[in-house]
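Reviewing the structure listed below.
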Amino acid sequence: MRPLPSASAPRVSILLPVRNAALTLSACLTSLTRQTETRWEGIIIDDGSTDDTRTAALDAARRDPRLRVVPIPHGGLIAALNEGLRHCRAAYIARMDGDDVMHHDRLAAQVHMLDTQHDLAAVGCHV
């Protein structure tokens, strides 16, 4: 049985590790803000970027409080994912990379499947 989120908790945590993604991060984050499922939080793990990734992420987080930026020293993808999991508060976790763009119904469709098909443990999508 899946835990029920509280009224103030996000429905989905979007785990987004990034490293030197300044050129693609804006489009990625714009696709988050256009989701039809609006009860999400975005956990951006900056894995020691050496470009303007952190600045772009912090600027986006100032515009949308659902986004949180967690800077860490460069440790690689697995370390970034593990750190990100510690910050996720929702019952569901969606994975995304800094050069991904989400279809506007992705979260809504995946949440619906997980809520209604109790034999599923995970759902994916075409990339």
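The values are calculated or read from the model by the stated rules, or taken from the named source; none is laboratory data. Not measured: the values here are computed from a predicted model. Surface areas here come from the heavy atoms of the whole protein model, side chains and all, with no ligands, DNA or RNA. Shrake-Rupley method; radii C 1.70, N 1.55, O 1.52, S 1.80 Å.
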Contour minus Cα-Cα distance for Met113 and Asp97 (0.36 nm per residue): 3.5 nm
Two-decimal Rg to Rh for the chain - Kirkwood Rh, Cα set: 0.96
Nonlocal amide H pairs with Asp51, under 5 Å, H built at 1.01 Å: Asn20
The chain: most fluctuating residue of Thr38, Thr30, Thr116 per GNM, C-alpha cutoff 10 Å: Thr116
With every protein chain in place, the chain: carbon and sulfur % of accessible area (1.4 Å): 56 percent
Per residue accessible area in Å² of the chain, where ligands, DNA and RNA are left out and the probe is 1.4 Å: 58 Å²
